[in-house]
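Every number in this text was worked out from the coordinates using simple rules, so none of it is lab data. Fair warning: this is a prediction, and the values are worked out from it, not measured in the lab. We place every Cβ from the backbone using ideal geometry, glycine too, and count neighbours over all the protein chains shown.
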Amino acid sequence: MYIIIAGGGTLGTELIEKLALTKHDIVLIDSDKNVCDSIFAEYGIEAVHGAITRLATLKSAGISKADVLISTIRKDDVNLALSSLAKSCGVPEIIVLMHRKGYIEAYRNSGATRILGYVDTLVSEILYQIEKSPIKRVTMLGKGAVEIFIVTIPEKGKLAGRTVSDIASSPKLPQESIIAGVYNEETEEFKIARGNTKIEGGASLFVLTKPELVKETARYLIKGK
């Protein structure tokens, strides 16, 4: 695949380091010439220097043949503009970092196909590590319309020992919420959730739902009410 990465900061560089080991064609665009020179010298990939939201810069990076554009810029206005330009150029997969949740609708309308909540992800991970919170947000799909999160079932919770179909049939679980997978930390075993899959106490559930239903869904799975 032909992948363009916008921004050669910490995240952009990490992506380049991993993707450079694959067979994908990687191109970086960055407004800092020193960053471009450094990335080229270290990883040997093409690095285009220029204003990220200028069409001329994108054309120099080969936007017309790009399969994926990933924006790692820490400014929502830049990401939105870049997403719109990429969409107008026919890029099929546009992945962006959203820094402020208030921009979610703007990102959806801009053409972004994957919207990653930068702050939400970091905050969720920090709280999970500090407090061992039973909820851990994973990512968003479908332009932010669907959220994937992990919730841990209490050892002696009301839902422990019940099957997925039994849990899903409860009117207390939002119809839009789906239990997709079950992970047992003790056995390090992951299972795709089937109707007859039994949920043991302490198991971690991978759940898909609408962002606004995360709390309601998690509350039922944890407390059974």
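Mean separation of Cα pairs under 8 Å and 6 or more residues apart, divided by the residue count, gives the chain a relative contact order of 13 percent. Relative to the current alpha-carbon distance between F190 and A56, full extension at 0.36 nm per residue lengthens the span by 43.6 nm. Each 10 Å bin from 0 upward holds the following percent of the Cα-Cα pairs of the stretch 2-116: 15, 52, 30, 3. Computed from Cα atoms, the angle from the helix 118-131 axis to the main principal axis of the chain rounds to 40 degrees. Taking each of K23/K87; K18/K59; K59/K87 in turn, the alpha-carbon distance tops 20 angstrom for K23/K87; K18/K59. Rounded to the nearest 10 degrees, what's the angle between the helix 214-223 long axis and the longest principal axis of the chain, both from Cα atoms, 0 to 90? That works out to roughly 30 degrees.
Quick check: pseudo-label points 7 Å beyond the Cα along Cα→Cβ at S165 and T197, how many nm apart are they? Spacing of the two 7 Å Cα→Cβ label points: 1.5 nm. Cβ crowding within 10 Å, taken as a proxy for footprinting-reagent exposure, orders F190, F40 from fewest neighbours to most as F190, F40. Listed by chain and number, the aspartates and glutamates placed with their C-alpha closer than 13 angstrom to that of K223 are E155; residues fewer than eight positions away on the same chain are left out. Extension gain for the segment E212 to K33, taken as residue separation times 0.36 nm less the Cα-Cα distance, is 60.3 nm to one decimal.
Taking the square roots of five times each eigenvalue of the Cα gyration tensor of the stretch 134-223, the equivalent ellipsoid has semi-axes of 19, 14, 12 Å, listed largest first. Hydrodynamic analysis of the chain uses the Kirkwood radius over alpha carbon pairs. Inserted into Stokes-Einstein at 10 °C and 1.306 mPa s, it gives a translational diffusion coefficient of 82 µm²/s. Converting phi to 3J(HN,Hα) with the Karplus coefficients 6.51, -1.76 and 1.60 and the offset θ = phi - 60°, the stretch 23-40 yields 8, 6, 8, 10, 10, 9, 10, 8, 7, 9, 4, 5, 5, 4, 5, 5, 5, 4 Hz in sequence order, with x at every glycine or proline.
For K75, the aspartates and glutamates whose Cα falls under 19 Å of its own Cα, not counting residues fewer than eight places away in the same chain, are E14, D30, D32, E105, D120.
Taking the longest Cα principal axis of the chain as reference, the axis of helix 76-88 is set at about 80 degrees. Computed over the stretch 68-118, the P(r) curve from all C-alpha pair distances, binned at 5 Å from the origin, holds 5, 27, 40, 22, 6, 1 percent per bin.
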